[in-house]
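I have placed the structure first, in the form of structure tokens, so that the comments after it can refer back to it.
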């Protein structure tokens, strides 16, 4: 009899354990903690929405670490301080991997922050004076992106670089004698008054209180834009259930709706 009771107890305990894991509410079994690095806006805001509204039900303990620059999040991911980061666009990811030899992978794009050209001195590009000082990012990927935007709007012509990313030294035609000034991208918005024009990343424009849809003299199109922002992780974690779950959540209908309803001025648009 004691043996029979022990078997019954074991079966009951197993059933309770299975029920707890399956969870009648339809949530996944606990996946554990995932530490993700972000820039504050909009990446941090989007990820905070995921943490507040979606992560717990998906069994994910999401921890967010905010960085103010474009270098440290990759260093932290590489040394294991982070499990993933969400702040780069594809070309910047490629540049960082090539320069530092990171063993990283990335997933499809989540959102796009249209690059904009801003000024506190000029109302239109027609007003750009001879010898204008134009601030551009000093990181190669964003610099090339900004230069192409300026070229597309007739400020100068770039030289043929044979497929390499253009730099400030690659102007073939410069009829207005524009002087390109390289500066850290996060400083462009706060030092906008020092330039006639500045090419500013969307997240830094938002942080500085600029509204891309109304304040930008030129705003990059989001259609077929290769500069969508992505989540990256170490290659060893590319199949980690925690990483894959976060990627699913970041591409959910709820996140798309959050982006569309939060950034109504077009500063951030979904890339999926």
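Readers should treat all values here as calculations from the given coordinates under stated rules, not as data from a laboratory. If you're wondering where the values come from, they're calculated on a predicted model, not measured in any experiment. Glycine gets a Cβ as well: all are built from the backbone with ideal geometry, and neighbour counts include every protein chain shown.
Listed values, structure above:
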item	result
Normalised contact order of region 52-147, rounded percent, pairs of Cα under 8 Å and 6 or more residues apart	19
Volume of the Cα convex hull of the chain, divided per residue and given in Å³	134
Calculated FRET value between residue 133 and residue 69, using beta carbons and R₀ = 22 Å, to 0.05	0.40
Inter-probe distance in nm under a simple model that places probes 7 Å from Cα toward Cβ, at residue 48 and residue 159	4.6
Degrees, to the nearest 10: 2-22 long Cα axis against longest axis of the chain	20
Sequence-separation-based contact order of the chain, relative, with Cα cut under 8 Å and 6+ spacing, percent	26
Rounded Å value of the spacing that divides the Cα centres of region 38-60 and region 182-261	15
Diffusion constant of region 116-219 at 10 °C, which comes from Stokes-Einstein with the Kirkwood Cα-pair radius and 1.306 mPa s, µm²/s	117
Modelled FRET efficiency - R0 30 Å, residue 151 with residue 236, Cβ distances, 0.05 increments	0.15
Using alpha-carbon coordinates, inclination of helix 140-152 to the longest axis of the chain, degrees	50
Of every Cα-Cα pair in region 187-262, the percent that sits beyond 17 Å	63
Length-normalised contact order for region 116-219 - Cα pairs under 8 Å, 6+ apart - percent	45
Whole-number D in µm²/s for region 63-165 (Stokes-Einstein; Kirkwood sum over Cα pairs; 37 °C, 0.692 mPa s)	202
Folded to 0 to 90 degrees: helix 90-100 orientation relative to the chain principal axis, Cα	90
Sites residue 182 and residue 56, calculated FRET efficiency, Cβ-Cβ separation with R0 51 Å, nearest 0.05	0.70
